[in-house]
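Visitor: Could you have a look at this structure, given as structure tokens, before my questions?
The values are calculated or read from the model by the stated rules, or taken from the named source; none is laboratory data. Just so it is clear, the model here is predicted, and its values are computed rather than measured. Glycine gets a Cβ as well: all are built from the backbone with ideal geometry, and neighbour counts include every protein chain shown.
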Amino acid sequence: MLATIIASGLATGAVYALVGITYNTMYATSRVMSFTAGQVGMLGGVLGSLYMIVWGLPLLLALPLVLASCALIGVITEYVAVRPVLKSLEQHLYVLSTLALSLMFQQVTAIEWGTEPRPFPKLFGLGTGIYDEKFWIPVIACILTIAGLEYLYRYTLVGRAFVAVAEDNYAAQALGLPERNLRIASYALAGAIGGLAGFSGGELMLAFFANGAVLNFYGFVPVALGGLGNNKGAVIGGLALGLFQQAANFMVGGIFASVAVFALFIIVLLFVPQGFFGSATARRV
Amino acid sequence: MSLAAPTHTASSDFLTANRLTYCGLLIVALSLPWVGNDYWALIATRAAIYWVLVSGLNLVVGYAGQLAIGYVALLTLGAYTTSVLTAGNVMPPVHPYIALMIAGLTGAFFGVFIGLPALRLRTFYFAMTTLGFATIVTQVALAWQSVTGGGIGITGPEFPAPFNSAWGFYAFCMGIAALCTWMTSNVAHSRHGRALVAIRDVEVAAESSGVYKPHALIKVFIIAGMLAGISGGLFASLQTYITPDAFTFELSVLFFISILIGGRGSIIGPLLGTIILTLLPEIAAPLAAWSNFLYAVLLLVIVLAMPGGIAALIDFENKKALHSDRNLVLDVDLLGAFKPETQQSQPLELKGIRLQFGALRAIDGLDFQVKSGEIHGLIGPNGSGKTTTLNVISGFYSPQFGQMVFDGQALPAGLPHLRAGLGIGRTYQTPKIVGEASVLDNVMLGGIASSDTHFIEAALTLPRAIAEEQKKRHDALQALRAVGLDKFASVRADRLQHSELRFLEIARALMGRPKLLMLDEPAAGLSVEEIKKLGELIKGVAKNGTAILLVEHHADFIFSICDHVTVLNLGKPLASDIPSVVRVHKEVVSAYLGA
């Protein structure tokens, strides 16, 4: 039983962590937390199922197509729901604009794809029991994403430009960095990461329109645990959340597992408001 | 000329427009049973039930500015609590009225619980908490079959006669809805409502005026949660049978849009919004499948295109041109009314204050005293720690070393919301004003620390609350006359010009009858003529015994009105003496004034 808890805990945790990274990547260049983060996760699963089962595309074609589609969703988010409200960030209108857009994606999916969960294809057909691929694919996807992001941020010019914009938007603009294009690029990147989250977790969560709302919340918990904008924190927070949730699931049952997660979330927010890896924010007078 | 005259004539148009709308709605509500059929009764009852929830949510969203997007969860909770209790699934059946009350209490409890993060954290966290709660409540309702009936559902409560017929229940819900309108409107127009709006728009100034955010928010979370729970109980009765499917997240969006479409900081707007949004699906029935999508589109369009909502559209008063004569005519004789009640000869003393941010010493060993009736100038180059000193005294920063003594007692570091009550008033480098509220309301905000009527008294407009409100209004008008802004009392504050906002901030600070008044660069951006008036005003305030601590860059202004000047450089005092000595002090001249 312990092995099952660990396997399923790490798998769901990796999906939550990836959605958390999606939040962070969008946040880094815009200071906006977008509710579309969970929806691209949902779309990763739905589109994966659409391309592979309905259209019959092979994995090598379907995966890039899913990532590209979700990147596009990211860019749409930036254009429609983020850019128009950036000027009045302190009014937090982005909460509503991104929520509205996120619900639009969800509703279109519900109407066009249906409101029942539909199967997601076996990607490789490897492993059984606790070594089933559905448990390790999300973990591998998470590791690859982290490695890729580390490489991007440390060794490439574009990545450093991202970091510069995230660190100090005005200074970056003064240096002549194309802040707007970088923001669009980061939303595309975030979309692709979210898509990967849903695609890699597809066998676990199926292609289901309501996954978006669930991922929106469970993907945000790691961000709150780890600290806003901190990817390392999101990964650790995500895995911890996955393990905690699965353990609670096995021990006290499904109803109270989600209640336990929610209570934990509130308690952490109250006592460690900046997250375990975040830095305290300064006073605003 | 009577003091109250200008506001009454100015705001009467708007008030009548509001009253006419309320009367119109009342007539429609009363005549509906005589002209409509049961289908109309159903729709109107639904609108009333939604409004019970939205009226409370409006205080949270429209007034306090907290983005509670998942309030459908509290509706669900209320609906299940009432249904389960009356059905007797877990304990002997309870009378529906009692069940409804318990639903209200449950709603209040969870309203506060999910609101806890909002007391400390940025608003997105609160939005997320309410969203998470909505997700979880639905999951629990589905999974906890023995109690909730799971996906199959449970029968809703039936209220005893005469409320068990369509029109009987309609009357019951309408009665509750009318009560909610009255109560939330009372709260909104009391000091509690002003405090909420101030938290929303100028949190810092709200704190300095004596508003303690957690207290103010918890009260509205209680009332909003309670109303949501009650609304849920009524909703379950209207549905006669409830399943988790009845409580989609889109219902939450509908509540939210009702408020946004109505406009922030308005009661009538969201009321109209709720009615419109309840009717909309009935009219647009052919679009049923896409209705949730259209709600989302509507939300996006409102946020991007008409942030003011209906209330802004029907606010004719603020579309009129302002007085062309913008000359400030001070009446310093009125300042006597804002004289501190008691005053020590030396209200403020700082001893060895040191404040570090990491390795940087922003204030490095600062001592000074401000005497009663003295105008004490605090000058120095940028970054020398002037505003930081004000923030330490205001309690926004806690220094690592040193003591502060105020009014004969140690002044604890931190606790900005207690400062106003002690008699410390202040203004800000960039005026912090609630732009959407009237000039008069902004000034009345300054009277919050000295108000003591309870939330309940305000909600029920008990005599003490009315009396206090009238007194504050009178004082605020007096303060406005003193600074020469009385003719703008009913105007939205964001229509004033910058220099007028500076005087408005002083009027607000005067409402607390300050023993110490701290002014942060009040002359910045003022014309020569206005600076002269500002000097006159400050001197008038000091004459009543208020100690003034004045941070300013305008050297001539400082030297012409100050009794004592302290010069800061790099967080340390460079000189502290009477103006004529400081003016020729060698180091001061080289560090700051220039030859």
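Visitor: Of the conditions (1) away from chain A (no Cβ under 14 Å); (2) of a type in the set (Gly, Ala, Ser); (3) in a helix (DSSP H, G or I), B:SER266 clears all except one; give me its number.
Guide: (3)
Visitor: Tally up the residues in region A:246-264 that are assigned to a helix (DSSP H, G or I) and farther than 20 Å from B:PHE113 by Cβ, please.
Guide: Residues that pass the stated criteria total 6.
Visitor: I'm trying to understand the selection: among the residues of region B:86-120, which are within 14 Å of chain A (Cβ to nearest Cβ) and either crowded, with 22+ Cβ neighbours inside 10 Å or assigned to a loop (DSSP other than H, G, I, E, B) (or both)?
Guide: B:GLY111, B:ILE114, B:GLY115, B:PRO117, B:ALA118
Visitor: I'd like to check which helices (runs of 4 or more DSSP H) are fully inside region B:147-209 and have at least 1 residues that are in contact with a Gly (Cβ under 6 Å, 6 or more places away or on another chain) and surrounded by fewer than 23 Cβ atoms within 10 Å (Cβ to Cβ).
Guide: On the way: elements: B:166-188, B:191-201, B:203-208.
The helices (runs of 4 or more DSSP H) meeting that bar are B:191-201.
Visitor: A follow-up question, please. Please go through region B:121-134 and give me each residue that is within 7 Å of chain A (Cβ to nearest Cβ) and in contact (Cβ under 8 Å) with a residue 60 or more places away in the chain, ordered by number. Explain how you work it out, then say what you get.
Guide: First, pick out the residues of region B:121-134 that are within 7 Å of chain A (Cβ to nearest Cβ): B:121, B:123-125, B:127-129, B:131-133.
Of everything in region B:121-134, those that are within 7 Å of chain A (Cβ to nearest Cβ) and in contact (Cβ under 8 Å) with a residue 60 or more places away in the chain turn out to be B:ALA127, B:LEU131, B:GLY132, B:PHE133.
Visitor: Anything in region B:175-226 that is over 12 Å from the mean Cα position of the chain (by Cα), closer than 18 Å to B:VAL61 by Cβ and β-branched (Val, Ile, Thr)? List them, or say none.
Guide: Across region B:175-226, the qualifying residues are B:THR181, B:THR184, B:ILE218, B:ILE222, B:ILE223.
Visitor: Follow-up question, since we're still on this one. Could you identify the single residue in B:LEU334, B:LEU313, B:LEU348 that is more than 14 Å from chain A (Cβ to nearest Cβ) and modelled with pLDDT under 75?
Guide: Values: B:LEU334 fails: modelled with pLDDT under 75; B:LEU348 fails: modelled with pLDDT under 75.
None of the other options fit; the residue is B:LEU313.
Visitor: How about region A:136-161: which of its residues are under 21 Å from A:PRO58 (Cα atoms) and either touching a helix residue (DSSP H, G or I) at 6+ places or on another chain (Cβ under 7 Å) or surrounded by 14 or more Cβ atoms within 10 Å (Cβ to Cβ) (or both)?
Guide: A:TRP136, A:ILE137, A:PRO138, A:ALA141
Visitor: Just checking, which of A:GLY275, A:GLY226, A:GLY253 is surrounded by 24 or more Cβ atoms within 10 Å (Cβ to Cβ) and either small (Gly, Ala, Ser) or over 30 Å from A:PRO121 (Cβ atoms) (or both)? Break it down stepwise before answering.
Guide: On the way: A:GLY275 fails: surrounded by 24 or more Cβ atoms within 10 Å (Cβ to Cβ); A:GLY253 fails: surrounded by 24 or more Cβ atoms within 10 Å (Cβ to Cβ).
When all the criteria are applied, what remains is A:GLY226.
Visitor: Mind checking which residues of region B:135-155 are among the β-branched types (Val, Ile, Thr) and either facing another protein chain (nearest Cβ under 9 Å) or without any contact (Cβ under 8 Å) to a residue 12 or more places away in the chain (or both)? Spell out how you get there, then give the answer.
Guide: First, the residues of region B:135-155 that are among the β-branched types (Val, Ile, Thr): B:135-138, B:140, B:147-148, B:152, B:154-155.
Answer for region B:135-155, where residues must be among the β-branched types (Val, Ile, Thr) and either facing another protein chain (nearest Cβ under 9 Å) or without any contact (Cβ under 8 Å) to a residue 12 or more places away in the chain (or both): B:THR135, B:ILE136, B:VAL140.
Visitor: Take B:ALA524 and tell me if it is assigned by TED's automatic domain parsing to the domain that holds B:LEU411 and modelled with pLDDT of 85 or more.
Guide: yes
Visitor: A further question on this structure: Restrict the check to region A:223-241 and report whether at least one residue is within 14 Å of another protein chain (Cβ to nearest Cβ), free of Cβ contacts under 8 Å to residues at least 40 places away in the same chain and β-branched (Val, Ile, Thr).
Guide: Scanning region A:223-241, I find no residue that is within 14 Å of another protein chain (Cβ to nearest Cβ), free of Cβ contacts under 8 Å to residues at least 40 places away in the same chain and β-branched (Val, Ile, Thr), so the answer is no.
Visitor: Another question about this same structure. Could you list, in sequence order, the residues of region B:22-62 that are buried (at least 18 other Cβ atoms within 10 Å of the Cβ) and either outside any helix (DSSP H, G or I) or not assigned by TED's automatic domain parsing to the domain that holds B:THR240 (or both)?
Guide: Hits for region B:22-62: nothing passes.
Visitor: Hey, another quick one. Of B:LEU378, B:LEU411, B:LEU418, B:LEU390, which residue is away from chain A (no Cβ under 14 Å), within 23 Å of B:GLY540 (Cβ to Cβ) and not basic (Lys, Arg)? Break it down into steps so the answer makes sense when it comes.
Guide: Numbers: B:LEU411 fails: within 23 Å of B:GLY540 (Cβ to Cβ); B:LEU418 fails: within 23 Å of B:GLY540 (Cβ to Cβ); B:LEU390 fails: away from chain A (no Cβ under 14 Å).
Exactly one residue qualifies, and that residue is B:LEU378.
Visitor: To continue, here is another question. Could you check B:LYS386 against (1) buried (at least 22 other Cβ atoms within 10 Å of the Cβ); (2) on the phi > 0 side of the Ramachandran plot and say which number it fails?
Guide: Just one mismatch for B:LYS386, condition (2).
Visitor: Among the candidates A:ALA197, A:ALA207, single out the residue that is crowded, with 21+ Cβ neighbours inside 10 Å, more than 14 Å from every other protein chain (Cβ to nearest Cβ) and touching a strand residue (DSSP E or B) at 6+ places or on another chain (Cβ under 8 Å).
Guide: A:ALA207
Visitor: Could I ask something else about it? In region B:189-216, what residues are hydrophobic (A, V, I, L, M, F, W, C) and more than 14 Å from chain A (Cβ to nearest Cβ)?
Guide: Selection gives B:ALA195, B:LEU196, B:ALA198, B:VAL211, B:ALA216.
Visitor: Could I ask something else about it? In region B:474-488, what count of residues is obtained for those that are surrounded by fewer than 24 Cβ atoms within 10 Å (Cβ to Cβ), within 22 Å of the chain's Cα centre (by Cα) and either within 18 Å of B:GLU436 (Cα to Cα) or assigned by TED's automatic domain parsing to the domain that holds B:LYS543 (or both)?
Guide: Matching residues across region B:474-488 total 1.
Visitor: Also: How many of the residues in region B:453-473 are under 17 Å from the mean Cα position of the chain (by Cα), touching a residue at least 12 places away in the same chain (Cβ under 8 Å) and not in a helix (DSSP H, G or I)?
Guide: Qualifying residue count, region B:453-473: 1.
Visitor: For region A:34-129, give me every one of the helices (runs of 4 or more DSSP H) that falls completely inside it and has 3 or more residues that are under 27 Å from A:ILE140 (Cα atoms).
Guide: Numbers: elements: A:36-49, A:59-76, A:93-113.
Those helices (runs of 4 or more DSSP H) span A:36-49, A:59-76.
Quick grid of which residues meet (1) part of a helix (DSSP H, G or I); (2) crowded, with 21+ Cβ neighbours inside 10 Å; (3) within 12 Å of chain A (Cβ to nearest Cβ); (4) touching a Cys at 6+ places or on another chain (Cβ under 8 Å):
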position	(1), (2), (3), (4)
B:ILE222	yes, no, no, no
B:SER237	yes, yes, no, no
B:GLU250	yes, no, yes, no
B:TYR295	yes, yes, yes, no
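Visitor: Quickly run through region B:63-76 and pick out the residues that are away from chain A (no Cβ under 13 Å) and either closer than 10 Å to B:ARG200 by Cβ or in a helix (DSSP H, G or I) (or both).
Guide: B:TYR63, B:LEU74, B:LEU75, B:THR76
Visitor: Does A:THR109 meet the test of being within 12 Å of chain B (Cβ to nearest Cβ), modelled with pLDDT of 90 or more and at negative phi? Even if it seems obvious, please write down each step before you answer.
Guide: Working: within 12 Å of chain B (Cβ to nearest Cβ): yes; modelled with pLDDT of 90 or more: yes; at negative phi: yes.
Answer is yes for this residue.
Visitor: I would also like to ask the following. Please note which strands (runs of 3 or more DSSP E) are completely contained in region B:338-428 and include at least 2 residues that are touching a strand residue (DSSP E or B) at 6+ places or on another chain (Cβ under 6 Å), under 25 Å from B:HIS554 (Cα atoms) and not assigned by TED's automatic domain parsing to the domain that holds B:SER209. Write out each step before concluding.
Guide: On the way: elements: B:348-357, B:360-370, B:375-379, B:401-406, B:424-426.
Answer list for region B:338-428: B:348-357, B:360-370, B:375-379, B:424-426.
Visitor: Is it the case that some residue within region B:161-172 is within 13 Å of chain A (Cβ to nearest Cβ), under 30 Å from B:ASN37 (Cβ atoms) and among the aliphatic types (A, V, I, L, M)?
Guide: No, there is no match, as no residue in region B:161-172 is within 13 Å of chain A (Cβ to nearest Cβ), under 30 Å from B:ASN37 (Cβ atoms) and among the aliphatic types (A, V, I, L, M).
Visitor: Report yes if A:VAL95 is surrounded by 15 or more Cβ atoms within 10 Å (Cβ to Cβ) and either in contact with a His (Cβ under 9 Å, 6 or more places away or on another chain) or modelled with pLDDT under 90 (or both), otherwise no.
Guide: Details: surrounded by 15 or more Cβ atoms within 10 Å (Cβ to Cβ): yes; either in contact with a His (Cβ under 9 Å, 6 or more places away or on another chain) or modelled with pLDDT under 90 (or both): yes.
Against the criterion (surrounded by 15 or more Cβ atoms within 10 Å (Cβ to Cβ) and either in contact with a His (Cβ under 9 Å, 6 or more places away or on another chain) or modelled with pLDDT under 90 (or both)), A:VAL95 qualifies.
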